[in-house]
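The values are calculated or read from the model by the stated rules, or taken from the named source; none is laboratory data. These figures come from a predicted structure and were not determined experimentally. All Cβ positions, even for glycine, are placed from backbone atoms using ideal geometry, and neighbour counts span all protein chains on display. For the accessible areas, the whole protein counts, side chains as well, though only heavy atoms, and no ligand, DNA or RNA atoms are used. Shrake-Rupley method; radii C 1.70, N 1.55, O 1.52, S 1.80 Å.
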Amino acid sequence: MGRTDTSYVVADTFSHAVGRQSLKFGGEYRHFVNENFAEGTGVFNFPSVEAFLNGTANAFNITLGERRSTVDQRAMALFLQNHITIRNAFTLELGLRYEWHVTPTERGDRFVVFDASSASLLRVGVDRDEIFRQNNRNVEPRLGVAWSLSADGRTVLRAAFGRAVDEPGTTAVRDTAGNPPFAAPVTAAGSIPVASAIATTRPAGLAPATVDPQFQNASMQSWNVNLQRQLARDVAVTLGYSGSHGSNLRISRDINQPVGGVRPFAALAASSPILPGTPLGTIIQVESSGFSNYRGAWVAITKRLSRGLQFDSSYTWSKSLDTNSLNSSGFAVQNSYDIPDQYGLSDFDARHRFVLSGSYALPFTGHVLTRGWQIAAVVQAQSGNPMNIVTSNSRLNGMPNTVRPDVIGPIRVIGSVDRWFDPSVFVAADHFGNLGRNVVIGPGFNNTDVSLIKNARVGTSLGVEFRVDIFDVFNHPNLGPPGNIVGSPTFGKIMRTRLPTGEAGSSRQIQVAARLYF
């Protein structure tokens, strides 16, 4: 599989200042061309090592045939922004942006979607005009204020609100070019022998990809307020609060999930223009039914460079909740008929986070060997991210590792590598479990990087920099998440570090470098 992307952008901005107002207005036009090809891509899922050795999967999907698509996606935007100084101590920002994200098209009319109203496969450009409705009502206001509260100008209050709309990526529509008649996606759940998987699933497992015809652009409303005080000539402290609410977020779900063991769409209708009467399996639909919320309070202390010392430090206390976090391109919901049931801690939520970065030029000025030294450091510390406890059951929704278990007792985090949490309270059941999404918190992250730098001049126009960078100087083990599949041999055990070996933060690494500049 592979892809080639080409972007064309035309944009301009005009500015005009008069009196206490500074006006900006402009616009842009974007044209994105996304060419894709893929052949023979698929996945076998095995519930255990024993099942893998026996060649028996519990879920299987593959797309047969060569898939090609050339997706055109266009967008245009206009904006107007006005900076108004009402008084020397009070300024106001007013802005308005409009965007039209033109519905994407495929140059060869190879988009094929499943139409739920007629239980048919329809070819966009032949049987239907558009893959989804035009999103041309995107109005995005902006408001910001800055108010100097003290006569000396050392205390400033700032606040802002804005609404932003996201242009959907081409991955939202790309997979529909892999539907019949151009290719044949098949899927199955249950006991599946590897040797005969295609032969046994093809007659009964057509799994078309589709897009909700009412798909909407995701939008985000964001706001913040902060109070900044200058403590000294080069030191300032800021207290802030920020929040956001995401609406119409992209999510994928199975609109043919079994109900009482029976799928709503057993087969394509006899009137379907493509493959009438063909049995249907999973139907993954990209839609915009997700949502999110974030709240955070933070404090930051900044020291500008003076006497060789500068640093920035911040602490954030926050909570992020959503329905699907970063997995919008895949299927990861427990119950496709209950998206709000997915609402829980975001995959990337970290309740506490501290960051300190700074540098200090050592005050040695004598001999060439003692002057020009500098030390720098970056310190990061944060609490753990949530993890989703699941079972390997694929019978309920056709997808393994998505159904959560029942919890029958208090969830207890032990914190050991061999037993991060008590696994005995999680019980796999033949129904959608009562455990919430992302309830268990994994290991935290702590990392300190240090650099020692020596600068030297050679003549008047040539300089040399020698440096030693030590990543994870304390060699602190940053652990990865524990096993999250109930009943598996690794359930509750940590088997790896948070980052792959060789990446900054995975283990102590020392790098020596020299740079010549002129």
Check on Ala232, without any contact (Cβ under 8 Å) to a residue 12 or more places away in the chain, under 21 Å from Val156 (Cβ atoms) and open to solvent by less than 50 Å² (accessible area, probe 1.4 Å): yes
- Item | Val113 vs. criteria farther than 30 Å from Leu92 by Cα, part of a strand (DSSP E or B) and touching a Leu at 6+ places or on another chain (Cβ under 8 Å) | yes
Query raised in the report: Has the range 237-245 got any residue that is over 22 Å from the mean Cα position of the chain (by Cα), modelled with pLDDT under 95, over 24 Å from Thr323 (Cα atoms) and part of a strand (DSSP E or B)?
Result: no
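So that you can scan it fast, the table gives a plain yes or no per residue for (1) of a type outside the set (Ser, Thr, Tyr); (2) open to solvent by 70 Å² or more (accessible area, probe 1.4 Å); (3) at pLDDT 95 or above; (4) assigned to a loop (DSSP other than H, G, I, E, B):
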site: Ser313; (1), (2), (3), (4): no, no, yes, no
site: Leu321; (1), (2), (3), (4): yes, no, yes, no
site: Ser325; (1), (2), (3), (4): no, no, no, yes
site: Ser328; (1), (2), (3), (4): no, no, no, yes
site: Gln334; (1), (2), (3), (4): yes, no, no, yes
site: Arg353; (1), (2), (3), (4): yes, yes, yes, no
site: Gly358; (1), (2), (3), (4): yes, no, yes, no
site: Pro363; (1), (2), (3), (4): yes, yes, no, yes
site: Leu369; (1), (2), (3), (4): yes, yes, no, yes
If we ask which residues in the range 156-192 are more than 24 Å from Asp254 (Cα to Cα), open to solvent by less than 60 Å² (accessible area, probe 1.4 Å) and either under 26 Å from the mean Cα position of the chain (by Cα) or not aliphatic (A, V, I, L, M) (or both), their number turns out to be 4
Original post:
Does Ser196 satisfy the condition of being open to solvent by 20 Å² or more (accessible area, probe 1.4 Å) and not in a strand (DSSP E or B)?
Top reply: yes
Checked the range 474-512 for anything β-branched (Val, Ile, Thr) and surrounded by fewer than 17 Cβ atoms within 10 Å (Cβ to Cβ); matches are Thr490, Thr497, Thr501, Ile510, Val512
Selection over the range 462-494 where residues are assigned to a loop (DSSP other than H, G, I, E, B) and over 14 Å from Ile441 (Cα atoms) yields a count of 12
Of (1) open to solvent by less than 40 Å² (accessible area, probe 1.4 Å); (2) within 20 Å of Asp127 (Cα to Cα); (3) at pLDDT below 95; (4) not β-branched (Val, Ile, Thr), Gly281 satisfies every one except (2)
Restricting attention to the range 105-131, the residues that are touching a Ser or Thr at 6+ places or on another chain (Cβ under 6 Å) and open to solvent by less than 50 Å² (accessible area, probe 1.4 Å) number exactly 7
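A quick yes/no check of all residues on (1) under 30 Å from Trp373 (Cα atoms); (2) at pLDDT 95 or above:
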{"site": "Val407", "(1), (2)": "no, yes"}
{"site": "Phe421", "(1), (2)": "no, yes"}
{"site": "Phe471", "(1), (2)": "yes, no"}
{"site": "His476", "(1), (2)": "yes, no"}
{"site": "Gly480", "(1), (2)": "no, no"}
{"site": "Ile485", "(1), (2)": "no, no"}
Considering only strands (runs of 3 or more DSSP E) wholly within the range 4-73, the ones with at least 1 residues that are surrounded by fewer than 16 Cβ atoms within 10 Å (Cβ to Cβ) and among the aliphatic types (A, V, I, L, M) are 21-39, 42-45
